[in-house]
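Below: the structure, in structure tokens.
Every number in this text was worked out from the coordinates using simple rules, so none of it is lab data. Just so it is clear, the structure is predicted and the values come from calculations on it, not from any experiment. Positions of Cβ are backbone-derived with ideal geometry, glycine not excepted, and every protein chain shown enters the neighbour counts.
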Amino acid sequence: MIWNWFKDEWLVTRQAAKLFFISTLLVLALTPAFLGKIDTNTMSFWARLPWGILGILGPIALFFLWFGMWRYWIRIDRSSRWEKRTWFVVQLLGFWWGSCLYCFFVYLPQVARRAKIA
């Protein structure tokens, strides 16, 4: 199952942190398209091409980030009980945008601290 693709040891690696960071950027870049603010029908081919590539990579990044941040929250996050509850609500109601916030404010700082310790 997709849930088991993320091993706990891998989630705290520098490679994983880079991929999750890139995923957050892709999700944020795709947000205007999700909100219907981008009209590609009036664009030239070369202007549409990046949006097409983003349309392919964005959903992959979205689910990668979403499942990865939930897995980290459940298995590894060492925040206090109240912080974890707060981030549960943010991720649950914020969907992938909540996972972007969680990645920036919890995941990346915790992984960076682990890297300094190790």
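Pairwise Cα distances in the chain exceed 19 Å for 50 percent of all pairs. Within the listed set 17, 61, 29, the Gaussian network model of the chain (springs between alpha-carbon atoms below 10 Å) gives the highest mean-square fluctuation for 29. Among 80, 23, 99, sorting on how many other beta-carbon atoms sit within 10 Å of each Cβ, with the fewest leading, yields 80, 23, 99. First select every other residue whose beta carbon is under 12 angstrom from the beta carbon of residue 7; then total the charges, Lys and Arg +1, Asp and Glu -1. Spelling it out: positives minus negatives among the neighbours equals 0. Restricting the trypsin sites (Lys or Arg not before Pro) of the range 32-116 to loop positions (DSSP other than H, G, I, E, B) with no more than 16 neighbouring Cβ atoms within 10 Å leaves 37, 78.
Net charge dipole, the chain: roughly 440 debye, given to the nearest 20, about the Cα centre with Cβ charges of +1 for Lys and Arg and -1 for Asp and Glu. Take the Cα of residue 49, step 7 Å toward its Cβ, do the same at residue 37, and the gap between the two points is 2.5 nm. With respect to the chain, whose longest principal axis is taken over its alpha-carbon atoms, helix 81-102 is tilted by about 20°. Between residue 57 and residue 95, the simple spin-label model (points 7 angstrom out along Cα→Cβ) gives 2.2 nm.
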